[in-house]
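A.B. asks: One structure, pasted below without further comment.
The values are calculated or read from the model by the stated rules, or taken from the named source; none is laboratory data. Here the structure is a predicted model, which is why all the values come from computation and not from measurement. Counting neighbours? That spans all protein chains shown, and the Cβs are built from the backbone with ideal geometry, glycine included. Remember, those area values only see protein heavy atoms, side chains included, never the ligands or the DNA or RNA. Shrake-Rupley method; radii C 1.70, N 1.55, O 1.52, S 1.80 Å.
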Amino acid sequence: MTEEKQLSLFESADSEPASPKAPTNFEAIPTSASVPIPPGTYANLEQLIPHCQGCQRCQLGRTRINTVISRGNPQADIMIIGEGPGQQEDETGLPFVGKSGQLLEKILASVELTVENDIYIANMVKCRPPGNRTPEAAEIEACKPYLLEQIRLVDPKIILFAGATALKGLTGDKRGITKVRGQWLEWDNRLCMAIFHPAYLLRNPSAEKGSPKWLMWQDIREIRSRCDELRAS
Ligand code: URA
């Protein structure tokens, strides 16, 4: 496959329901990270929105413009989990709408996947870390129960961890992304794969054989074909 062909492809383009458990103090969830959010707290994704929008479970709540909850299809087979909102995401309240998001959509389009139909996107943290720094462990922990509820309610067939922060934040796997990307792994009884974060691909634009962009192209084709198999089974 020629370099041009690869680039042009980029350009084109049920788990068990958790038994509901009443949280200790439902009203206090958005204000205190010490209040647990057990699986089953939210009956649907809509219920979670006002809690996220009013959330002050960590310091990021003080500096955000908008809480960035999700984008895409809540019935999607594939869920993509990024790191955290950047400036454009903070301004719009939608994940992956800046340059990284545009590249992500091109990568998906290269195998005829669209965010609208096939993907549900969320982040490890729902509020922008100032200066786009990596979210701190305490911020990830404070926000994680919302994300776990999103995963339970969307119930995707496949989860993609975009970058090492998402991989480590959910699975605890501290290996570098270049080591683990492209390998299927099981987490939460789900089929998962770590992929390069699109921001990393923007910083490494070469599409030469063996480059991150080239590897991403292999990974997205593998993901598409596994998704097709799962849809057919
Ligand atoms: N990077 C992320 O990890 N998430 C976004 O929503 C945007 C950029």
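A.B. asks: Give the carbon-plus-sulfur fraction of the accessible surface of the chain in %, rounded to a whole number; probe 1.4 Å, heavy atoms of protein chains only.
C.D. replies: 49 percent
A.B. asks: Still on this structure, I have one more. Please report the antiparallel percentage of DSSP beta bridges with both residues in the stretch 104-233, rounded to the nearest 5.
C.D. replies: 45 percent
A.B. asks: Would you mind getting the accessible area per residue of the chain, heavy atoms of the protein chains only, 1.4 Å probe, in Å²?
C.D. replies: On a per-residue basis, the chain sits at 48 Å².
A.B. asks: I've got another one for you. Please list, or write none, the lysines whose alpha carbon is within less than 21 Å of the alpha carbon of Lys144, excluding same-chain residues fewer than 8 places away.
C.D. replies: Excluding near neighbours in sequence, the set is Lys21, Lys126, Lys157, Lys168, Lys174.
A.B. asks: Which peptide among 223-233, 106-116, 146-156 comes first, and what is the full order, when sorted by highest mean count of other Cβ atoms within 10 Å?
C.D. replies: Descending mean neighbour count gives 146-156, 106-116, 223-233.
A.B. asks: Whole number please: convex hull volume per residue, Cα atoms of the chain, in Å³.
C.D. replies: 115 Å³
A.B. asks: Just for the chain, what percent of DSSP beta bridges are antiparallel, to the closest 5?
C.D. replies: 30 percent
A.B. asks: In deg cm²/dmol, rounded to 500, what helix-only [θ] at 222 nm does the chain give when every DSSP H run of at least 4 residues adds -39500 (n - 2.57) and the total is split over its residues?
C.D. replies: Calculated mean residue ellipticity at 222 nm is -12000 deg cm²/dmol.
A.B. asks: Among 96-104, 25-33, 74-82, how do they line up from the highest to the lowest mean number of other beta-carbon atoms within 10 Å?
C.D. replies: Highest to lowest by the protection proxy: 74-82, 96-104, 25-33.
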